[in-house]
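What follows is a set of notes on a single structure, which appears directly below.
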Amino acid sequence: MVLEVVKYGHPVLRQPGARVEVVTDEVRKFAADMVETMHAAEGVGLAAQQVGRAIQLFVLDVRDVKDRPSTLEIGGQTTDVGSVMPMVLINPEVTPLNEPATGLEGCLSFPEIYAEITRPEAVEVRGWNERGETVAFRCGGLLAKAVQHELDHLRGILFIDRMTSDKRRAIQGEIDALMAATKTELAGAKAR
């Protein structure tokens, strides 16, 4: 089922996610719905907050992006990224492995807003998959950037928080308009 992606201004985007204690059938169904939603929105990642739930779960699928490659290493072996996509990560822990680099990012909760964001190029990740099994891997390129972007969502941090002050000032009008539209929509939903 395709879920509604909430836009900037919705309070759930600022809520840190609660830890998932047990991976139930309901959590698996929710994760599958998130993957379907991410694909429908043509995104490479989606966090639970972006569909209205503040829990520590996000999904990724970078295999269709050819102009920004990803690397993946599992158990010390280079692995084809496509072989593990789409990916569900629950209660993820992420450790930076190298110096930051700057690259273009967007966000499904900020339609048509993009900015250069600086993040480590490679990370080590541990968490659970949709079966509750522990997964651990190292990744680089777009996959590493997507992991960090979605991890920020789980902490209530948005990519606009990582923009330079000059970039933020340059697009503040767009950000304010998006927030106002979201607030109006939420007020209308409450009135019904």
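The values are calculated or read from the model by the stated rules, or taken from the named source; none is laboratory data. Everything quoted here is computed from the prediction, not taken from an experiment. Heads up, the Cβs are rebuilt from the backbone with ideal geometry, glycines too, and the neighbour counts pull from every protein chain shown.
Brief remarks on what is shown
- From the list 118, 71, the lone residue that is of a type in the set (Ser, Thr, Tyr), touching a Pro at 6+ places or on another chain (Cβ under 8 Å) and surrounded by 12 or more Cβ atoms within 10 Å (Cβ to Cβ) is 118.
- The condition of being buried (at least 17 other Cβ atoms within 10 Å of the Cβ) and over 15 Å from the mean Cα position of the chain (by Cα) holds for only one of 154, 186, 178, 142, that being 178.
- Qualifying positions in region 122-139 - surrounded by fewer than 19 Cβ atoms within 10 Å (Cβ to Cβ) and not in a strand (DSSP E or B): 129, 131, 132, 133
- Residue match in region 31-48 (condition: surrounded by fewer than 13 Cβ atoms within 10 Å (Cβ to Cβ) and of a type in the set (D, E, K, R)): yes
- The set of residues in region 1-45 being free of Cβ contacts under 8 Å to residues at least 60 places away in the same chain, in a loop (DSSP other than H, G, I, E, B) and either of a type in the set (A, V, I, L, M, F, W, C) or in contact with a strand residue (DSSP E or B) (Cβ under 7 Å, 6 or more places away or on another chain) (or both) consists of 1, 2, 3.
- Which numbered condition residue 152 fails, given (1) in contact (Cβ under 8 Å) with a residue 12 or more places away in the chain; (2) in contact with a helix residue (DSSP H, G or I) (Cβ under 8 Å, 6 or more places away or on another chain): (1)
- Where residue 91 falls short, out of the listed (1) at pLDDT below 95; (2) in a strand (DSSP E or B): (1)
- Among the numbered conditions (1) touching a Gly at 6+ places or on another chain (Cβ under 9 Å); (2) over 30 Å from residue 177 (Cβ atoms), the only one that residue 83 does not meet is (1).
- Reported count of residues in region 49-75, each being more than 19 Å from residue 135 (Cα to Cα) and outside any loop (DSSP other than H, G, I, E, B), is 3.
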